[in-house]
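J.: Could you have a look at this structure, given as structure tokens, before my questions?
Since every read-out is calculated from the coordinates, none of them should be taken as a lab result. Computed from a predicted model, the values in this text were never measured in an experiment. Neighbour counts run over all protein chains shown; Cβ positions are idealised from the backbone, glycine included.
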């Protein structure tokens, strides 16, 4: 794995978040830096205390983000389950709030599979070399290194391996790293898992500075802003989010990944929770999330799941 130790050895979870204005800290490892909650269907976003609704309604009417729906993307096929990958969120990259600029395909899909080992957590990989892991992994011949999750500030291997894919201008994708096997017909809904979940229009709403700061504190088990979570239970479970730092189930604030193409750190991009228009959710557990990182330079998406 190519990783510039000198580039990041002095950066910590605190130094990576300089203050902007009086209170709000931005995450230099996130793209976009400003966090947005994702809402779908006709459901109203949380009250204005949480989001800047008036500001973002104008943007949401102009850009077409789609939550779930059938996956017809070329190359987005689960090699383990022999079915389309789940399309959790499909973003319109022309939306300036995403800070993607030129060079990114028109659509940026967040893909995953919940019914196999496509991104299995490898406990035995902790501080271990690739040869010590008990999970079989595919890596595209175009990419020489197996990308593991790492921690900052140290170049430290950890207990997970991300599922990774590359975006192309044509709209197709190429799977470049994934775990093999583990396909099950029983998890999580006893053989009744859908090929896709109902697709609906999605909207992004800017998270207020105070709530973003509360999430930041909660991830560090800092109780100074606990009152926000105590008074607003809807914030206490994982929500869909693009940009910034989401509420992290495992509080693993220094966990990140390296791009297998350029060798640079991949900024955190989004987090998808469990809820959708199917009342069962993606896995039936509100304390699960898929965390996505994105290298804008190489157009590579990496992701992994966490659960409580």
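J.: Could you work out the relative contact order of segment 150-308? I mean the mean sequence separation of Cα pairs under 8 Å and 6+ apart, divided by the number of residues, in percent.
T.: Averaging sequence separation for qualifying contacts and normalising by length gives 24 percent for segment 150-308.
J.: Suppose each label sits 7 Å from its Cα in the direction of the beta carbon; what would the residue 277-residue 94 distance come out to in nanometres?
T.: 2.3 nm
J.: Same structure, new question: At R0 = 30 Å, how high is the FRET efficiency between residue 151 and residue 174 if r is their beta carbon distance? Nearest 0.05 is fine.
T.: 0.60
J.: Residue 264 versus residue 64, label points 7 Å from Cα toward the beta carbon: distance in nm?
T.: In this crude spin-label approximation the distance works out to 3.2 nm.
J.: So between residue 55 and residue 233, what do we pick up on full extension, going 0.36 nm a residue minus the alpha carbon distance?
T.: Difference between extended and current length: 61.6 nm.
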